[in-house]
Amino acid sequence: MRHHTGHRARRIFTMLGLVILVTALVAIFCFRLDFLPRPTGPHHIGTTVFTVVDENRPEIFTSGDHPRTLTVQVWYPTTAIQGPTEPYVRDAKAFAGVLDAVRLPHATLGYLSLAQTHALTDAPIAEGSFPVVFVLTGNLGYRQSNTVQVEELVSRGFAVIGIDQPGTVSSALLEDGRRIPYGGSTVVRPLVDQSIDPVSPAPTLDGVSYPDGIADYLAQDPRVVLDRLASGDLPGGLPTEIAERLDLKQVGAFGLSLGGLTTSQWCATDQRVKACAMLDAPMSRTARDLTPVW
């Protein structure tokens, strides 16, 4: 009984939150208010989207023999002041998973693809070299979910990289047109919990056991993006001039919820990541074991 009551309460609060969000967005569009707070730093913001394919790792959230494929977005300082404005989300179905969870139509938040950010799409990157911050989103999230923090960081001279992690984000649209939906709470949650406090028998996915959970699999996503940037073998769609101005000797990361858990795993196992912040998230068991206690 307590489980059903808690589930019902979460659904009510989620739907209430969506109603508040819809009301706010209607006010924004009707009264032409800024959708996002204006960043306070001196730099203008540019952004572009590219794809990273990890040929050495299979995609575990789809059937068939597909390599892990990531849609990646980088925001960076630019001197441009005019050009096409980046929408809040490019994909109108980015919220499909979370809307399915609360049984609302996919069109409910589709108009968020019309909301504007302060970034200019495919603007030239400014001169200089910019420290890099990775931002990892939470369960049922999307790569733009921390746009307010992203824009503020970029306005102050950082480049920020966000990733749609297929299977755990709300809906991942790939460059080739394939869409990988959310893996489902009954699938994702046990894999995540196993990364924190393992149980026996371990959860499985498509008949494969995951005794250490899924944290390391997810942490390999930002790791492979950083690998590709550092190798000079540029990911598809990323202009050379942008890659050359990313300071890969100064890399940090932050994440919310599941993104924070993934951040802890990546930071504990990759010495290239110099600073990490976990927001509302536990550490993975691996990160706890490797992190010294002061």
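Results, tabulated for the structure shown:
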item	result
Candidates GLY237, GLY207, GLY184, ranked by Gaussian network fluctuation over the chain, Cα under 10 Å, top entry	GLY207
Other-chain or far-sequence residues with amide H under 5 Å of GLY46's (modelled H)	TYR76, THR78, LEU120
Under-5 Å amide H pairs with THR168, H placed in peptide plane, nonlocal only	GLY183
Estimated 222 nm signal from helices in the chain, with DSSP H stretches of n ≥ 4 weighted -39500 (n - 2.57), rounded to 500	-10500 deg cm²/dmol
Gyration tensor (alpha-carbon) shape descriptor, the range 172-294, a/c threshold 1.5	oblate
ARG38 versus ARG245: modelled label distance in nm, points set 7 Å from Cα along the beta carbon direction	2.3
Magnitude of the charge dipole, the chain, Cβ model with Lys/Arg +1 and Asp/Glu -1, debye to 20	1020
Ordering of 257-265, 80-88, 92-100 by packing [mean C-beta count within 10 Å, highest first]	257-265, 92-100, 80-88
Per-residue ³J(HN,Hα) for the range 93-104, Karplus 6.51 cos²θ - 1.76 cosθ + 1.60, θ = phi - 60°, Hz, x for Gly and Pro	9, 4, 9, 4, x, 5, 5, 4, 5, 10, 6, 10
Vicinal HN-Hα couplings computed from phi for the range 180-185 (Karplus, 6.51 cos²θ - 1.76 cosθ + 1.60; Hz; Gly/Pro x)	10, x, 4, x, x, 5
Surface/4 estimate of mean projected area, convex hull on alpha-carbon atoms of the range 93-181, nm²	6.6
Radius 10 Å from Cβ of PRO77, net charge of other residues (Lys, Arg +1; Asp, Glu -1)	+1
For the range 170-175, 3J(HN,Hα) per residue [Karplus equation, 6.51 cos²θ - 1.76 cosθ + 1.60, θ = phi - 60°, Hz, x = Gly/Pro]	4, 6, 10, 9, 9, 4
Extension gain from ALA107 to THR291, taking 0.36 nm per residue of separation minus the Cα-Cα distance	61.8 nm
Rounded, prolate or oblate (a/c below 1.5 giving rounded, otherwise prolate when a/b exceeds b/c) for the range 176-228 by Cα gyration tensor	oblate
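Laboratory data are not the source of any read-out in this text; all were calculated from the coordinates shown. From a predicted model like this one, the values you see are computed outputs, not experimental measurements. Virtual Cβ from ideal backbone geometry, glycine too; neighbours counted across all protein chains shown.
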